[in-house]
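Before any comments, here is the structure.
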Amino acid sequence: MIIHVQQQKPDLTPTWMSGTAAGRSYTVTHDCILRDGKPYIYRMGELHYSRVPEQDWETELRKMRDGGIDVIASYVFWNHHESREGVFNFTGRRDIRRFADTCAALGLPFFLRIGPWAHGEARYGGFPDWLIAKKLHLRSMDPTYMAYVRRLYTHIYEELAGCGNLIGIQVENELTGDAEYLATLQKMLVDIGFTAPIWSATAWGQAKLPDTLCPMYGGYPDAPWVGYTHALSPNANYFFSHVREDGLIGSDMLGETDGTEDLYRGKYPFLTCELGGGNQNTYHRRPIFSETDITALAVCKLGSGANGLGYYMYHGGVNPVERDAKGALVTYQESRVTGYPTDCPIVSYDFHAPIGDCGQVRDSYYGLRDIHRFLDAFGEKLAVMAPYFPDEMPHELSDTSTPRIAVRSDGESGFVFYNNHIHGRKMTEKRVTLTVNTATETHTFPFTLPENGCGIFPFCLRIGRKIVRYVTAMPVERTETQIRFVPLYGVDAVICLADGTVHPLAECPVIDGVSLVVEKPVRPAARLGKRIPCVRTKNTLSFAAFSHLRRLDESALVDHTVEYTAEIPENVDTVAVRVVGNVAAAYAADGMLLSDYFCDGDLWYIDVRQVQKLRLQVQPLLPEDRGTIYFETDMPEGIIEPEIYPVDI
């Protein structure tokens, strides 16, 4: 397998986008972003402030920062702020200014995804019910609609006025065919007073964007929004390619498109805003994700030339739940009742994210953290390296035998990216000999692509005054006196010295005065406490949490729920529930809905602060449910008592 690289200079010609945020300057060039004049690859994590209790913002943002996130993104959900026409709410978990200030205090710039339509699995994409009832021509130049949008934008501006922390503003979301409308929204924002170094729009669906908006891309490990109850075809996001969109993202609203050569390549850098930190389960489709499902996306996008990693979601959350004047529950979820193609949970927006809806940390958090440490150490160098692909590439998505490898190089040194993983597919181990031809030398790397593994390793790496040929481990920290590496799953960590001799990396602790340290992977397991007893009780709870759900054939669920109660010990803030069945819901003693769960085989986390008695409602999996739901675990039928454990997150 051969890759030819060239010595080519990056195009650092500035676009019109530049400015400051959080005391640093940012400039968008044709190939990358410059931060304080230096090439920069951001790591942006999405957390929706209105889906996380405000008292938890600082703690959760610190977790994100500790995981290597250096930009925070959030949608603004219009219906969270103006659920009643003309009555705006920017208090509590809706206090956007307090959230932006909390980000600023932690040194985290804020990327504002302002809408007015957001999607984000919010009802009507975030449009308030009262706006829908007016039957306007929404997401258009309709003057009445645009007047409401201006009013919303003005209120948001009044909240954020003087905030110097905005690094970017995304206009609208997933709109593909109306560049004039997008440009008008941007002009409206500027006229109101908004400023930011980066102005963007989502570019998937072959979107036609105005020149004043930077295109951003995404890609997910699965697609729970599609109407399938079987495994998907091999996912394009797990391949290396110049194509920046996968054709499946956003297909619930836009329809499927063929991935094509990017419309904006050479004009704007390859930036992402929605790499899946997971996926939100839908009623009929319930994938669960391994660490590699998530990290392989980042490896493939970086190897394909991405110079910005934006994760959606990086931190899960919960939808607000309120009561109306008559005491009925008011929720904000997307569902088939509101015209969406699939049903989502009412409360939980966990997303299988690296940090879940209760703040629980998954293995993907640590896998991504290692990649982010690599970017901290080498991102400036990587950002100006072009991507190159082998002479032999997979000829179609179903080709799982041809190794998937890419190189980013400046023509002399660089990094090898490999991926032997696709979500839901078993990939066999492959022995590879990679030859990289530069302008002056030929480098050969024999290594193993492990079964379902992915990784990044350097070649022609300078260590002190020496240059080693390659190291089959990922460097994650670098100083003048030390380089730290993390091992790559299934790959022997070796170093090939300038003389061509190959040694275990651990046997070369010092080269030219620079110590080489191989770290052990960090993957702390959730600490479950002593099981909390639960008791089956007489059914008293309403079936309302499940009554709106529909199978794909439009049939409704019949109430077969079983109820349980559990006394929550003092000082327990979160419980992990192992529940088997179809769907489940958790309530406080007063009947307030705390969380709901589409059973998928993963643990269900519930925030039980200020809850003395937890009430669980479980709809078992029935024979008639078989074939109507896509599970990736063997979900048994029948009534099975849930297991409840206190958990330290």
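Here is how the numbers come out for the structure above:
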{"read-out": "Selection status of ARG578, at pLDDT 95 or above, of a type in the set (Lys, Arg) and out of contact with any helix residue (DSSP H, G or I) (no Cβ under 8 Å at 6 or more places or on another chain)", "value": "yes"}
{"read-out": "Selection from segment 226-242 of residues that are in contact (Cβ under 8 Å) with a residue 60 or more places away in the chain and open to solvent by less than 40 Å² (accessible area, probe 1.4 Å)", "value": "LEU232, PRO234, ASN235, ALA236, ASN237, TYR238, PHE239, PHE240, SER241"}
{"read-out": "Restricting segment 471-497 to residues that are over 19 Å from ASP370 (Cα atoms) and in contact with a strand residue (DSSP E or B) (Cβ under 7 Å, 6 or more places away or on another chain), the residue that is surrounded by the most Cβ atoms within 10 Å (Cβ to Cβ)", "value": "ILE495"}
{"read-out": "Residue match in segment 482-499 (condition: modelled with pLDDT under 95 and in a strand (DSSP E or B))", "value": "no"}
{"read-out": "Exclusive hit being closer than 17 Å to MET592 by Cα and open to solvent by less than 40 Å² (accessible area, probe 1.4 Å), set GLN360, GLN333", "value": "GLN333"}
{"read-out": "Subset tally (residues that are open to solvent by less than 10 Å² (accessible area, probe 1.4 Å), at pLDDT 95 or above and not aromatic (Phe, Trp, Tyr)) for segment 414-431", "value": "5"}
{"read-out": "In segment 307-330, the residues that are touching a residue at least 40 places away in the same chain (Cβ under 8 Å) and of a type in the set (Gly, Ala, Ser)", "value": "GLY308, GLY310, GLY316, GLY317"}
{"read-out": "Residue within segment 350-368 that is touching a residue at least 12 places away in the same chain (Cβ under 8 Å) and more than 18 Å from MET64 (Cβ to Cβ) present", "value": "no"}
{"read-out": "Failed condition for PHE110, given (1) over 25 Å from the mean Cα position of the chain (by Cα); (2) under 21 Å from MET44 (Cα atoms)", "value": "(1)"}
{"read-out": "Subset of segment 563-606 that is outside any loop (DSSP other than H, G, I, E, B) and of a type in the set (Gly, Ala, Ser) - its residue that is surrounded by the most Cβ atoms within 10 Å (Cβ to Cβ)", "value": "ALA586"}
{"read-out": "Any hit, segment 337-344, residues being surrounded by fewer than 24 Cβ atoms within 10 Å (Cβ to Cβ) and in a strand (DSSP E or B)", "value": "no"}
{"read-out": "Residue count, segment 290-318 (criterion: in contact with a helix residue (DSSP H, G or I) (Cβ under 7 Å, 6 or more places away or on another chain), open to solvent by 10 Å² or more (accessible area, probe 1.4 Å) and not in a helix (DSSP H, G or I))", "value": "1"}
{"read-out": "Matching entry among GLU60, GLU85 (being open to solvent by 10 Å² or more (accessible area, probe 1.4 Å), closer than 28 Å to TYR26 by Cβ and touching a Leu at 6+ places or on another chain (Cβ under 9 Å))", "value": "GLU60"}
{"read-out": "Close pairs from segment 51-62: first of a type in the set (A, V, I, L, M), partner open to solvent by less than 30 Å² (accessible area, probe 1.4 Å), Cβ under 7 Å, at least 6 apart", "value": "VAL52/GLU60; VAL52/GLY317; LEU61/ILE72; LEU61/THR102; LEU61/CYS103; LEU61/LEU106; LEU61/LEU108"}
{"read-out": "Filter result (part of a strand (DSSP E or B), of a type outside the set (Lys, Arg) and open to solvent by 40 Å² or more (accessible area, probe 1.4 Å)) within segment 447-469", "value": "ILE467"}
{"read-out": "Residue list for segment 163-192, restricted to those being open to solvent by 10 Å² or more (accessible area, probe 1.4 Å), assigned to a loop (DSSP other than H, G, I, E, B) and closer than 22 Å to MET141 by Cβ", "value": "GLU174, LEU175, THR176, GLY177, ASP178"}
{"read-out": "Residues located in segment 99-151, provided they are of a type in the set (A, V, I, L, M, F, W, C), assigned to a helix (DSSP H, G or I) and in contact with an Asp or Glu (Cβ under 7 Å, 6 or more places away or on another chain)", "value": "TRP130"}
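The rows are residues; the columns are (1) out of contact with any helix residue (DSSP H, G or I) (no Cβ under 7 Å at 6 or more places or on another chain); (2) at pLDDT 95 or above; (3) of a type in the set (Phe, Trp, Tyr); (4) open to solvent by less than 50 Å² (accessible area, probe 1.4 Å).
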residue	(1), (2), (3), (4)
ILE2	yes, yes, no, no
VAL5	yes, yes, no, yes
TRP16	yes, no, yes, no
THR29	yes, yes, no, yes
ARG43	no, yes, no, yes
VAL52	no, yes, no, yes
GLN55	yes, yes, no, no
ASP101	yes, yes, no, no
PHE110	no, yes, yes, yes
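The values are calculated or read from the model by the stated rules, or taken from the named source; none is laboratory data. This one's a predicted model, so the numbers in the text were calculated from it and none came from an experiment. Neighbour counts are summed over all protein chains in view; Cβ atoms, including those assigned to glycine, are modelled from backbone coordinates with ideal geometry. The area values use the complete protein model at the heavy-atom level, side chains included, leaving out ligands, DNA and RNA. Shrake-Rupley method; radii C 1.70, N 1.55, O 1.52, S 1.80 Å.
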